[in-house]
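Trainee: Here it is: the structure, laid out below.
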Amino acid sequence: MAMKQENWRDLIADRLRERNKNETSRYAEIIHYNNRLFDTAVKLRQENLDLKIDKKIRDSAGGGSGSSVAGFNADVGAITNAQIQALEKKVLAQQEELTELHKRKGEHSQMVITLNQKLSDLQRLLSEKERALADQTALCISLKDELEEVKTSHVTIKDESLASQLRANAAEDKLRAVQDENTKLLNLLMEYKSRDAETMNKENDKFFKEKKARIESELERAIRDIPGPSVGLGAGDLDRFDVDGLPEGVEFKFDAHDGEVNAVRWSPIERIVATGGADRKVKLWDVGKGVCEQRGVLVGSNQGINSVEFDTTGSMILAASNDSASRMWSVVDHRLRVSTEKI
């Protein structure tokens, strides 16, 4: 990263040098000619000074010369004056050109100053950009480090999530197996209960038949022992002496609760049966229509129900549970009215 930063700096410095070269190269020739004109003007100024000195010398020496050289001096003086005028014109032109060159030099100097100011501004801007670049580079390095940490944390969390998912799948499979086993056990339990009910019904039928036969036999002996005219009783007459109060078979058979049924109670005013079970619920069943139909489920108990009882009006039902508490519900709206939980 440090090597890359130095390469950027070198690249920016090279670009600035190249731009400076491009900006100053267009004025190099003007500066060169300006210097040449300046040197020429200095040389001409020196020549002009020398000529003026020579002129003064000739003027001072001309008054004491002989008549023999007067004509020659006059010719030489005429030539010298013409040359001096030409040189003065040339010096004047050179001075004007020098003035123009000074003017251009001032403009170029001002341009150079402006360009130097721009260069200083650009260098200051470059320094600011370099500092900003260094800050951004440091921030980028910090963000990269944080990104690596986030990636590492993400991989760790992903692995933990995968492990949790695997554990959840294993637990779900185990739960499904337990549920299947529970279903099989419930089916087997219901089958055993059905067999027990059939066995009980058979035993009850056998008991009632034996009891009926015993009662018929006792009635026949009692009739024979009665003094007076004998009265014959047929089979139809004996059927009228049936015994009430003992069940002869199963009238309704249904699954009342998810588990054991601990309590059963008839309503005193309606053909409604209340059952309480180990599933912590009290259920109401309507048996007045020839079928068993559920009328409501009373909830709110914390443990299994072990006893239920209606009041004398049949509008309230009381239940006791294994958590040493008793609760009372309304039969009409199935709402819990009173709860006496143990504190």
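Taken together, the values in this text are just the output of simple stated rules run on the coordinates, not laboratory data. Note that the coordinates shown come from a computational prediction; the quantities given were computed from them, not determined experimentally. All Cβ positions, glycine included, derive from the backbone under ideal geometry; neighbour counts span all protein chains shown.
Trainee: Using modelled backbone amide H atoms (1.01 Å from N, in-plane), which distant-in-sequence or interchain residues come within less than 5 Å of Gly277's amide H?
Mentor: For Gly277, whose amide H was placed from the backbone, the distant partners under 5 Å are Asn262, Ile305.
Trainee: Report the full-extension gain for the segment Glu97 to Lys55: residue separation times 0.36 nm, less the Cα-Cα distance, to one decimal in nm. Each step should come with its number before you reach the end.
Mentor: Numbers: separation 42, 0.36 × 42 = 15.12 nm, distance 2.55 nm.
Additional length available on full extension: 12.6 nm.
Trainee: Can you figure out the FRET efficiency of Asp159 with Ser307, using R₀ = 56 Å and their beta-carbon distance, to the nearest 0.05?
Mentor: Calculated value: 0.55.
Trainee: On to the next question. Could you order the peptides 326-335, 145-154 from most to least packed, using the average number of other C-beta atoms within 10 Å per residue?
Mentor: Numbers: 326-335: 15.6, 145-154: 10.1.
Output ranking for 326-335, 145-154: 326-335, 145-154.
Trainee: May I pose another question? Beyond 14 Å, how much of the Cα-Cα pair distribution for region 285-343 remains, as a whole percent?
Mentor: Values: 994 of 1711 pairs.
Result: 58 percent of Cα pairs exceed 14 Å.
Trainee: Okay, next question. Using the Cα atoms as the points, what is the convex hull volume per residue of region 102-197 in Å³? Each step should come with its number before you reach the end.
Mentor: Values: hull volume 11.2 nm³, N = 96.
Enclosed volume per residue, from the Cα hull, is 117 Å³.
Trainee: Something else about it: Can you work out the Karplus-derived ³J(HN,Hα) for every residue in region 258-267? Use 6.51 cos²θ - 1.76 cosθ + 1.60 with θ = phi - 60°, whole Hz, and x for glycine or proline.
Mentor: Each residue of region 258-267 in turn: 7, x, 6, 9, 9, 8, 9, 8, 7, 6 Hz.
Trainee: Moving on. Taking 30 Å as R0, compute the FRET efficiency from the Cβ-Cβ separation of Glu47 and Gln110 and round it to 0.05. List each step's numbers first, then the result.
Mentor: On the way: r = 32 Å, r/R0 = 1.06.
Using R0 = 30 Å, I get an efficiency of 0.40.
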